[in-house]
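FYI, it's all coordinate maths here, none of it is from the lab. It should be emphasised that the depicted structure is a prediction, and the values quoted were computed from it without experimental measurement. Counting neighbours? That spans all protein chains shown, and the Cβs are built from the backbone with ideal geometry, glycine included.
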Amino acid sequence: MKKLFKFIGVFLLIVIILISVFIYIQINKPYTEIIKINWSINLPSSYKEIYSIESEVSVHGDGERYHVFEYTKENEINQSVDWENNKDKYIETEIDKVLSTLNVPKENMPNFQSNYKYYTTWKDKSSSKIYLIFITDTKKLYVIEDIL
């Protein structure tokens, strides 16, 4: 009987350790992995996160998310999506709406006066959108998610 309790104790300890490791890995996953899972966009993970803010968590997981990444190698980011090179006032307006909802300070907003390229897509059967703005001068990537 004593051996059975020892076995159960060791088994529970191993289960707790495995669950803890799994949770640690999930929490420390780079945000580019989350973008890949949610949007099927494969961004390079060699970035430095400059700024991040999210709206309050809702029951359905909807809301706004905003991240600013800085890359050192522009060629990596150039190959990640099919970028549009022309400026787009409609996209700029939509991004400004999301960022104003999050109360993003001006110094952390994309500078649309600079040269930029953009990519946008949405999920099927919903109005959820992601906007990627890459400012070539600063090598900063602005990731704006509007999840509905």
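With angles folded into 0 to 90 degrees, how steeply does helix 89-101 sit against the dominant principal axis of the chain? Use alpha carbons for both and round to 10.
Around 50 degrees separate the two axes.
If you stretched the chain out fully between Val10 and Asn78, how much longer would it get, using 0.36 nm times the residue separation minus the C-alpha to C-alpha distance?
Working: separation 68, 0.36 × 68 = 24.48 nm, distance 5.01 nm.
Full extension of this stretch gives 19.5 nm more.
Separation between the Ile19 and Tyr31 pseudo-spin-labels, each 7 Å from Cα along Cα→Cβ, expressed in nm?
If labels sit at Ile19 and Tyr31, their model points lie 3.0 nm apart.
Using a Förster radius of 22 Å, what is the FRET efficiency between Asp88 and Ile41 based on their Cβ-Cβ separation? Nearest 0.05, please. Let's see the in-between values first.
On the way: r = 18 Å, r/R0 = 0.83.
Working from the Cβ atoms, E equals 0.75.
Rank Ile95, Thr121, Pro44 by how far each Cα sits towards the positive end of the charge dipole of the stretch 29-147 (+1 on Lys, Arg Cβ; -1 on Asp, Glu Cβ) and give me just the farthest.
The residue sitting farthest along the positive end of the dipole is Pro44.
For the stretch 29-147, what does the relative contact order come out to in percent, with C-alpha contacts under 8 Å and a separation of six or more?
Details: 190 pairs, mean separation 32.3, N = 119.
The value is 27 percent.
Along Cα→Cβ, 7 Å out, is where each label goes; now give me the distance between the ones at Lys139 and Asn111 in nm to one decimal.
1.7
Given the rule -39500 (n - 2.57) for each run of at least 4 DSSP H residues, summed and divided by the residues of the chain, what is its mean residue ellipticity at 222 nm, to the nearest 500 deg cm²/dmol?
So the helix-based figure for the chain works out to -11500 deg cm²/dmol.
Could you work out the Kirkwood radius for the chain, taking every pair of different alpha carbons, averaging 1/r and inverting it, reported in Å? Please list the in-between numbers first.
Values: mean 1/r = 0.0574 Å⁻¹.
Hydrodynamic radius (Kirkwood, Cα pairs) of the chain is 17.4 Å.
Could you state the angle between the C-alpha long axis of helix 2-27 and the longest principal axis of the C-alpha atoms of the chain, as a value from 0 to 90 degrees rounded to the nearest 10?
0
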